[in-house]
Amino acid sequence: MALALDAGSRRNRKVAAIAAFGAAAMLSLGFASVPLYRMFCQATGFNGTTQRATAAQAAAVKTTARPITIRFDGNVTSGMPWQFRPEQVTQDGHIGERKMAFFIAKNTSNRPIVGRAIFNVTPEQTGAYFHKIQCFCFNEQRLEPGEQVRMPVIYYVDPEMLNDPNAKDVPEITLSYTFMEAADSVAAPPEKQGGKR
C-alpha cells in the first residue's frame with residue numbers, strides 16, 4: 001500500500017514538473033513573441049514592413065529603366081496634438097534609384113511632445129523590396145511647443161522586386177506613417193531624441 005502511494009506521489013511530482021516547465025516555456029514565448037514577430041516582418045516584408053539598408057548597400061544597387069511611383073501618407077493617432085503630412089503626395093522615379101522625400105511635423109500643443117512613427121507600405125507584397133537608408137522613423141522625435149520640422153526619408157525600391165511574380169507589375173507603392181505620442185513623452189530629455197532635422 002505504501003509502495004503504491006510512493007509510486008503515485010512520484011508520478012504526480014513528475015506531472016507537476018512537466019506542467020511547470022510547460023508554463024515557464026509558454027511565458028517565455030509570450031515575452032519573446034513581439035520581438036520575434038518584428039524580426040520576422042522585417043526579414044520577409046510581411047504585412048508591408050519595410051527594410052533597412054546601409055548607404056553602402058544602397059550604393060551597390062543599380063537603377064533600372066522601370067518607372068515606379070511612390071505615394072506618401074501621413075497621419076497622427078487620435079488625441080496626438082501634432083500636424084503631420086508629406087511635403088509632396090507622390091514622387092516618380094525608377095526601381096533601384098535612391099530618392100529623398102520630406103514630411104512636415106508641427107507640435108500644436110503648449111508642451112513638449114515626443115512622437116514615435118509607425119509605418120508600412122502597400123501593396124503589402126512590396127514591403128520586402130522597399131528599403132530605407134535614412135528615416136525620421138528610426139528614432140523618436142521630440143518637438144517643443146509650436147515647433148515645426150522638416151523630416152527626411154531616403155529610400156529605394158530593390159530591383160529584386162522585378163523577379164517576384166506577385167510584385168513585379170506593381171506601378172505604385174504607398175508609404176504610410178502614423179505618429180503616436182511616446183509613453184515617456186514628458187519625461188524624455190531632448191538629448192535622448194535624435195534624427196529630427
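The values are calculated or read from the model by the stated rules, or taken from the named source; none is laboratory data. Every value quoted in this text rests on a predicted model; they were computed, and no experiment measured them. A quick note on method: Cβ atoms are made from the backbone with ideal geometry, for glycine too, and the neighbour counts reach across all protein chains shown. Quick note on the areas: whole protein, heavy atoms, side chains included, nothing else; ligands and nucleic acids left out. Shrake-Rupley method; radii C 1.70, N 1.55, O 1.52, S 1.80 Å.
Starting from 0.36 nm per residue, how many nanometres of slack lie between Lys62 and Asn110 once their C-alpha separation is accounted for? Residue separation times 0.36 nm, minus the Cα-Cα distance, leaves 12.6 nm.
Once both labels are positioned 7 Å from their Cα atoms along Cα-to-Cβ, the gap between Glu160 and Phe102 label points is 3.3 nm. Normalised by the number of residues in region 82-156, the average gap of Cα pairs under 8 Å and 6 or more apart makes the relative contact order 41 percent. Rg/Rh for region 116-184 stands at 1.07; both radii use Cα atoms, and Rh follows the Kirkwood definition.
Sequence-distant contacts, meaning Cα pairs under 8 Å at least 6 residues apart, place the relative contact order of region 122-186 at 41 percent. Here the translational diffusion coefficient of region 90-135 follows from Stokes-Einstein with Rh set to the Kirkwood radius across Cα pairs; for 37 °C and 0.692 mPa s it amounts to 238 µm²/s. How many percent of all Cα-Cα pairs in region 67-165 sit more than 17 Å apart? Here the tail beyond 17 Å accounts for 54 percent of pairs.
Ser78 contributes about 120 Å² of solvent-accessible surface, heavy atoms of the protein only, 1.4 Å probe. Would you work out what percent of the accessible area of region 132-173, with all protein chains in place, is carbon or sulfur (probe 1.4 Å)? Ligands and nucleic acids excluded, carbon and sulfur reach 41 percent.
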